[in-house]
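Below is one structure, written out as structure tokens; the observations come after it.
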Amino acid sequence: MTAQAFQVRGVWKRFGGRDALSNVTLSAPLGSCLALLGHNGSGKTTLLRMLATLATPTEGDVTVLGMSLRDDVRALRSRIGVVLDRHLLPRDFPLGDALRMYAGLYGVQDAADRVEELATRLGLGRRLDDPVRTFSRGMGQRASICRALLHDPELLLLDEPFTGLDARAMDVTDEVIRATIAAGRSVVLVTHDLERAARLATHAAVLADGRVVFQGDPAEAAAAAARGAA
Amino acid sequence: MNTAAAASDADWSQGAIPFERPAPSRFFVAHAALALGALLWLNWTIVHDVPLAIKGIGSSYLIFFYHFPSALNMGVAYTALMAFSVAYLRTKRPVWDRRARAAAEVGFLANAVLLLTGSTWAKAAWNAWWVWNDPRLMSAAVMSLVYVGYLMLESAIEEPQRRRQISAVYGILAFVNLPVVYYSIQWFGVASHPMKMDGMSDPAIKSAKWLSVLLFVPFYLLLYRWSYDRRTRAEHVEDVLQRVRRLEEKAA
Amino acid sequence: MTAPSELRLFRTLVAWDFLREMRRRTTLLSMGVMGVITLFLFSFAIRPEDAVLANTRAGILWVTFLLAATIGIDRAFRNDAESGVLEGLLLAPVGRATLYYARVTSTFLFVASLQALLLVLFLLLFNQEIPRATLAPMLAIVAATSLGFVAVGVLISAMTWSLPAGDVLLRILLFPMLLPVFNVAVEATDKAFAGRAPSWLHVGMICAFDLLFLGAGHLLFEHLVKDSGGRT
């Protein structure tokens, strides 16, 4: 059995009287890029938040990077990087300060250099001194990716990372995801963008109404999801 | 206390999905009859076994036999609420949350009875329904305000798992606060509460006092049971619906 | 990459809160304005004559403190929750107790500095003075009581920030919890105004309250931020 980036077995999540996830069983090997596809409200984000240690399953087992969510997840948190729908950066701080403070929480060495390097890579090198509140949606998204990569995580969890990005920024983000996988890291990518998912992902799963309805090759998954959407 | 405890609730700590049935409400009528009988016995005792008036405060002291048991039962219920909350946080099993909430309702009712009887007695003894400088009355009032907050959490938080967690933490905090409530008001208020009264040392009164505590227990237990069963049934219906859906899911 | 020590994390978090507040000052400002408004309410509600004030000054001061501090306590998580920073912190490998103590510390610093200001304002507006001999004990009482307010407040704030009408619920849950220590603080302050030092019983009671709830927070805080839901 190959080592798994994460493993979800028989997971239910009950949320406000309905099941956000129903009997989800899903896994992805280390070094893979899994695309999670599905409509709004299909449970993709809930699953991602669970992998990010922000939510606990009502029932079932979740193991991320070989560590169970039932155990002390603190060590796990330093090994995963997460991009959510909001950028999670303090709005009144200059980007550089905000990122350096997060770097401090993760114990990143040479934080200033690391921040500079990542920001440049994501095309934000000249905006390090500008307050985050002046950023457009797309810039916030890229800043968020910088934050998630600060501590060079072994597993990168991305919730709709392409929202609000222009074509060039999308390509930059593509690059980052490819480089992450090339470096032997794993990625989970929640997205609506079927075409991009088919190009980037090595594995795919489609969720509908909190259930896994398809699991396998990304190209087929994109086709399956497209059929479902039609 | 209850066989439902053994048939564990499905929580995320459980891999399988055991099926929890609500505790069968057997002997509920008998229990109710017992509670009623005990209260009748208490009244009979008061009418027949103790002096109907004592020096100084006259017959108003008789309310003491309803006042004192409420205080003790309130203490027991609030302590149980704390213990159940700790058990919930340790096990994450919803059954402890239901017990905690039932204990809270019993505790709050006893607290209300305590305040009402105390206030009635104050009217008779001091000719005022409410006095602000009586430390015990004030402590009991503050406690009731703290626990009203606990009861309000139930309707304030929709998401059940989150509600259980927050309620349990609040239940523990409220209990941690009780000694502070008690001593701060005891030490820094004006002491005027009638703790020792002439004539209360009468052996008949003393034995009736402890009998009154005993005779109130079935009543408060009945209330606890009613409150617990009501919640169990409500959650059970919800649970069955969920489980049927899940079983269908697994079969498919 | 080495994991930073808890103390280092604690310092980073407190510095973070402090710098954020220095950039916007919304919390400090609203607390200050609320305090001033409360003082004016009292000046209209009671006749601020010396005879009346001799009995009520400690109470006026503490109601003002409480109402102003509650705003800071309510914002303890709401600010971060609204901008999403709270989720960022929860994602980081920071001990939950460290997160609690850091938030208590920063909130306490805001509340205490604000109270110092309100105290001076109160003395000026109501023409009162604190005898020199009891100034130090009185400040100690104010500081210790505020720490208690914040120790409980941060916990309640973590319970209520995500709820609809959470700010109302915060007050309903928080005020009864604070009543006993409020009572002791008013007593002690009353003595201090009259030139008598507060007894050790007052100080001990307030410190016991602080320790009880800081300990409870240490153990219970993680249960309040676990699975905090957020938006799905």
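The values are calculated or read from the model by the stated rules, or taken from the named source; none is laboratory data. A quick note: this is a predicted structure, and the numbers were derived from the prediction, not measured. No Cβ is skipped: glycine too gets one built from the backbone with ideal geometry, and neighbour counts run over all protein chains shown. To get the accessible areas, we keep the full protein, side chains included, count just its heavy atoms, and leave off ligands, DNA and RNA. Shrake-Rupley method; radii C 1.70, N 1.55, O 1.52, S 1.80 Å.
Taking the numbered list (1) crowded, with 17+ Cβ neighbours inside 10 Å; (2) more than 8 Å from chain B (Cβ to nearest Cβ); (3) more than 15 Å from the chain's Cα centre (by Cα) in turn, C:Gly195 passes all entries but (1). Can you confirm whether C:Val111 is outside any helix (DSSP H, G or I), among the hydrophobic types (A, V, I, L, M, F, W, C) and modelled with pLDDT of 90 or more? No. The test for being more than 15 Å from the chain's Cα centre (by Cα), surrounded by fewer than 23 Cβ atoms within 10 Å (Cβ to Cβ) and either within 19 Å of C:Phe77 (Cβ to Cβ) or at the interface with another protein chain (Cβ under 9 Å from one of its Cβ atoms) (or both) holds for C:Leu219. Counting only residues that are of a type in the set (Gly, Ala, Ser) and touching a residue at least 60 places away in the same chain (Cβ under 8 Å), segment B:24-36 holds 3 of them. Within segment C:76-93, the set of residues being out of contact with any Ser or Thr (no Cβ under 9 Å at 6 or more places or on another chain) and of a type in the set (A, V, I, L, M, F, W, C) comprises C:Val85, C:Leu89. For segment B:97-117, filtering for residues that are without any contact (Cβ under 8 Å) to a residue 60 or more places away in the chain and either buried (at least 22 other Cβ atoms within 10 Å of the Cβ) or touching a Lys or Arg at 6+ places or on another chain (Cβ under 6 Å) (or both) leaves 3. Screening C:Ala81 with (1) part of a helix (DSSP H, G or I); (2) open to solvent by less than 20 Å² (accessible area, probe 1.4 Å); (3) touching a helix residue (DSSP H, G or I) at 6+ places or on another chain (Cβ under 7 Å) gives one miss only, at (3). If I filter segment B:118-135 down to residues being open to solvent by less than 10 Å² (accessible area, probe 1.4 Å) and not aliphatic (A, V, I, L, M), which single residue comes out as nearest to the other protein chains (Cβ to nearest Cβ)? Going through the qualifying residues, I end up with B:Pro135. With the condition kept exactly as written, say whether any residue in segment C:108-130 is within 30 Å of A:Arg147 (Cβ to Cβ) and within 14 Å of chain A (Cβ to nearest Cβ). For segment C:108-130, residues within 30 Å of A:Arg147 (Cβ to Cβ) and within 14 Å of chain A (Cβ to nearest Cβ): absent.
Within segment B:172-182, which residues are more than 7 Å from every other protein chain (Cβ to nearest Cβ) and open to solvent by 10 Å² or more (accessible area, probe 1.4 Å)? The answer is B:Phe175, B:Leu178, B:Pro179, B:Tyr182. Looking at A:Gly17, A:Gly60, just one residue is at pLDDT below 90, farther than 27 Å from A:Ala219 by Cα and open to solvent by 10 Å² or more (accessible area, probe 1.4 Å), and that residue is A:Gly17. All conditions in (1) open to solvent by 90 Å² or more (accessible area, probe 1.4 Å); (2) in contact (Cβ under 8 Å) with a residue 60 or more places away in the chain; (3) within 14 Å of another protein chain (Cβ to nearest Cβ) hold for B:Asp239, with the sole exception of (1). For C:Arg20, the conditions (1) open to solvent by less than 50 Å² (accessible area, probe 1.4 Å); (2) within 13 Å of chain A (Cβ to nearest Cβ); (3) part of a helix (DSSP H, G or I); (4) without any contact (Cβ under 8 Å) to a residue 40 or more places away in the chain are fulfilled apart from (4).
Considering (1) closer than 25 Å to C:Ala15 by Cα; (2) within 17 Å of the chain's Cα centre (by Cα); (3) not basic (Lys, Arg), the lone condition that A:Ala179 does not fulfil carries the number (1). Of all residues in segment B:38-75, exactly one satisfies the criterion of being open to solvent by less than 40 Å² (accessible area, probe 1.4 Å) and assigned to a loop (DSSP other than H, G, I, E, B), namely B:Val50.
Summed over segment B:136-148, residues that are more than 10 Å from chain C (Cβ to nearest Cβ) and in contact with a helix residue (DSSP H, G or I) (Cβ under 6 Å, 6 or more places away or on another chain) total 2.
The listed residues are C:Val184, C:Val154, C:Val150, and the only one of them that is at the interface with chain B (Cβ under 8 Å from one of its Cβ atoms), in contact with a helix residue (DSSP H, G or I) (Cβ under 8 Å, 6 or more places away or on another chain) and either part of a helix (DSSP H, G or I) or not polar (S, T, N, Q) (or both) turns out to be C:Val184. Across segment B:149-171, the qualifying residues are those that are facing another protein chain (nearest Cβ under 8 Å) and either among the charged types (D, E, K, R) or within 15 Å of the chain's Cα centre (by Cα) (or both), and the one among them that is surrounded by the fewest Cβ atoms within 10 Å (Cβ to Cβ) is B:Glu158. Check whether at least one residue in segment C:55-73 is at pLDDT 90 or above, over 18 Å from the mean Cα position of the chain (by Cα) and assigned to a helix (DSSP H, G or I), and report yes or no. Yes.
Scanning segment A:63-98 for residues that are under 29 Å from A:Ser22 (Cβ atoms), facing another protein chain (nearest Cβ under 9 Å) and at pLDDT 90 or above returns A:Leu76, A:Arg77, A:Arg79, A:Ile80, A:Gly81, A:Val82, A:Leu84, A:Leu88. One residue stands out in segment A:182-195 among those that are crowded, with 16+ Cβ neighbours inside 10 Å and modelled with pLDDT of 85 or more: the one that is farthest from the chain's Cα centre (by Cα), namely A:Arg185.
Of all residues in segment A:66-109, exactly one satisfies the criterion of being open to solvent by 20 Å² or more (accessible area, probe 1.4 Å), in contact with a Lys or Arg (Cβ under 7 Å, 6 or more places away or on another chain) and farther than 19 Å from C:Met22 by Cα, namely A:Val108.
Of all residues in segment C:95-107, those that are within 14 Å of chain A (Cβ to nearest Cβ) and not basic (Lys, Arg) total 6.
What is the one condition in (1) closer than 29 Å to A:Pro94 by Cα; (2) open to solvent by less than 40 Å² (accessible area, probe 1.4 Å) that A:Asp130 does not satisfy? Among (1) closer than 29 Å to A:Pro94 by Cα; (2) open to solvent by less than 40 Å² (accessible area, probe 1.4 Å), A:Asp130 violates only (2). The numbered conditions (1) open to solvent by less than 10 Å² (accessible area, probe 1.4 Å); (2) of a type in the set (Gly, Ala, Ser); (3) within 10 Å of another protein chain (Cβ to nearest Cβ) are all true for A:Gly41 except (1). Looking across segment C:201-214, the residues that are facing chain B (nearest Cβ under 9 Å) and open to solvent by 30 Å² or more (accessible area, probe 1.4 Å) come down to C:Leu201, C:Ala208, C:Leu212.
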